[in-house]
Structure formats: C-alpha cells, structure tokens
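So the structure is just underneath, and the comments pick up after that.
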Amino acid sequence: MGGLGLHFPVSKSSNILDVNRISSTTVFYAGGGMNFVMSGNSYFQLTGEYGMFPPSNDVSTSLIAARAGMGFRF
C-alpha cells in the first residue's frame with residue numbers, strides 16, 4: 001500500500017523550529033497489512049506503515065506506525 005497524507009499541526013509553539021514556517025506538511029507513506037479471518041463474521045487486521053516527512057535544512061523526520069483492529073460483518 002502507499003499513500004500521501006496532509007497533516008496540520010495542533011500547536012504552533014516550538015523552542016527549536018521557526019514557528020512562522022509551521023503550517024501544514026505532506027507525508028509520504030508506504031506500508032502493508034493483512035486480514036486474518038477469525039470466523040465467518042469477524043476478522044483481525046494488522047498493518048504497518050512507514051512515513052517520510054520532507055526534510056528541512058536542520059531536521060529529517062520519519063515515523064513508524066503499527067495498527068491492529070477487529071472487524072465485524074453486518
């Protein structure tokens with residue numbers, strides 16, 4: 001899987017970054033996942049994602065996310 005996210009900051013306070021340049025940022029995602037059937041009406045889902053924020057002159061940031069959940073058929 002792949003994706004593109006647009007993130008908006010909750011707070012614009014910082015003691016390291018120039019707060020006038022904090023607005024929104026684009027994140028590029030790559031990841032994968034699987035669904036495991038538990039029964040005819042439910043499944044368990046696992047996904048993992050790696051996100052890359054565009055680097056600045058001083059900072060390079062990335063993230064790793066793991067997600068799990070249950071799904072039910074209606």
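The values are calculated or read from the model by the stated rules, or taken from the named source; none is laboratory data. In this text, all values refer to a predicted model and were calculated from it rather than measured experimentally. Every residue, glycine as well, gets a Cβ built from its backbone with ideal geometry; the counts of neighbours run over all protein chains shown.
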Please list, ordered by first then second residue, the pairs with beta carbon atoms under 8 Å, 6 or more apart or interchain, first in region 42-61 and exposed (fewer than 14 other Cβ atoms within 10 Å of the Cβ), second in a strand (DSSP E or B) and of a type in the set (Ser, Thr, Tyr). Tyr50/Tyr29; Tyr50/Ser62; Pro54/Thr25; Pro54/Thr26
Index of the failed condition, Val19 passing every other in (1) among the aliphatic types (A, V, I, L, M); (2) at pLDDT below 85; (3) out of contact with any Lys or Arg (no Cβ under 9 Å at 6 or more places or on another chain); (4) surrounded by 10 or more Cβ atoms within 10 Å (Cβ to Cβ): (3)
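For region 45-74, what are the residues that are small (Gly, Ala, Ser) and either in a strand (DSSP E or B) or within 10 Å of the chain's Cα centre (by Cα) (or both)?
Gly48, Gly51, Ser62, Ala65, Ala66, Ala68, Gly69, Gly71, listed by residue number.
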